[in-house]
Amino acid sequence: MPTIHRLDEVASTQQVARALLDEGAEHGTLVVARRQTAGRGRLARAWQSGEGGLWLSMVVRGSLPAARAPRLTLGAAALTLEALDVLGAHAAVKWPNDLVLPHAVPAARLGPWRKLGGVLLEALLIEPGHLEGAVLRSAVLGLGLNVRTPTGGFAEELQDVAIALDTAGLSLDVDTVLGALAAPLQTRLLDVIDDTVFAGTLAFLRARSATLGMRVEVDGIAGLAERLDDEGALCVRDDGGVLHTVRAGDVQCMV
Ligand code: BTN
């Protein structure tokens, strides 16, 4: 199996994995840190990553049309849900990359969910193609999961948004969660390149979606999150009945 580098403190595991990728590390090489001082999330947001969470990044080497890169985010989210299921935590995915747990009190932007973690795909080498379009050759896939509530609690701005597995009654250590997740990510993530496998991933995600059926706002479009199309894009029907296909975005649930 590819190496798992376990580090104490880093700025961001994304940076370390990127350096390893540049040095030729194989697909599936994992970097895990106990703490990050400059963890980052999607849309250049900071990611609180003190002790108690699973902070990992994986070197991805594959070959898939760049337009299909979102499959990797969705595939990683699905594998994470499966691993959490085995551990007894039944999470859902807020499209496209948020891992969430149900919560009795609705929160702004999230609705009746709290954020347990998230997936961050940073595509690195994309070769321009002629006939079939650009091809993704390498990327770094990051995953953050709140396993234990940080000592002193989440930062103020996260208090109504974030949740850890311990709050949901699951007292696990980070290594146990890593143990459930590492091999599936290392060996199965690229399977989503195959259309049949990806169709299965989508079926699973549709059933475990925190977004479908909700009233949402994304990309300036407000409406009902109706379905995921065959490439995993979110289809939102606005109030005028027009169906919009959103390939990437930051979904706000209206509660
Ligand atoms: C998101 O929901 O915005 C994605 C969060 C991804 C956080 C992880 S933690 C490990 C890896 N290193 C980082 O700096 N970010 C990702």
Taking a crude spin-label model, label points 7 Å out from Cα along the C-beta direction, the Ala248 to Gln15 distance in nm is 2.3 nm
One checks the Cα atoms of the range 121-255 and finds Rg and Dmax, in Å, of 18.4, 55
Under the 7 Å Cα-to-Cβ spin-label approximation, Ser63 and Leu125 lie apart by a distance in nanometres of 1.2 nm
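Determine the gain in length on full extension of the stretch Thr187-Val105; use 0.36 nm per residue of separation and subtract their C-alpha separation, reporting nm with one decimal.
Full-extension gain reported as 25.8 nm.
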Under 20 Å by backbone N from the virtual spin label 7 Å along Cα-to-Cβ at Ala134, the residues of the range 173-205 are 193
Taking a label point 7 Å from the Cα of Thr176 along Cα-to-Cβ, the residues of the range 140-160 whose backbone nitrogen sits under 17 Å from it are 145-150
Any GluC sites (Glu not before Pro) in the range 22-72 that lie in a DSSP loop and have at most 13 other Cβ atoms within 10 Å would be Glu23, Glu26
Counting only residues 5 or more apart in sequence or on a different chain, those whose built amide H sits under 5 Å from that of Ala210 are Val93, Lys94, Trp95
With the 8 Å Cα cutoff and a minimum separation of six or more residues, the chain has a relative contact order in percent of 19 percent
The size of the Cβ-based charge dipole (Lys, Arg +1; Asp, Glu -1) of the chain about the Cα centre, to the nearest 20 debye, is 200 debye
Whole-number value, in Å³ per residue, for the convex hull of the alpha carbons of the chain is 128 Å³
Applied in sequence order to the range 172-178, the curve 6.51 cos²θ - 1.76 cosθ + 1.60 (Karplus, θ = phi - 60°) yields integer Hz couplings, x standing for Gly and Pro, of 10, 9, 4, 5, 5, 5, 4
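Can you give the FRET efficiency to the nearest 0.05 for Ala155 and Glu82, using r as the Cβ-Cβ distance and R₀ = 30 Å?
After rounding, the FRET efficiency stands at 0.55.
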Taking every C-alpha to C-alpha distance in the range 138-192 and binning by 5 Å from 0, the per-bin percentages run 4, 15, 22, 20, 15, 14, 8, 2, 0
With x for Gly and Pro, the residue-by-residue ³J(HN,Hα) of the range 110-116, computed from phi through the Karplus equation 6.51 cos²θ - 1.76 cosθ + 1.60 at θ = phi - 60° and given in whole Hz, is 9, x, x, 9, 10, 7, 9
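If r is the Cβ-Cβ distance from Ala207 to Arg35 and R0 is 45 Å, what FRET efficiency results, to the nearest 0.05?
0.80
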Helix-only [θ] at 222 nm, the chain, -39500 (n - 2.57) per DSSP H run of 4+, per residue, nearest 500, equals -7000 deg cm²/dmol
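We did not get these values from a lab; they are worked out from the coordinates using the rules stated. These figures come from a predicted structure and were not determined experimentally. As a convention, Cβ positions derive from the backbone with ideal geometry for all residues, glycine included, and neighbour counts pool all protein chains shown.
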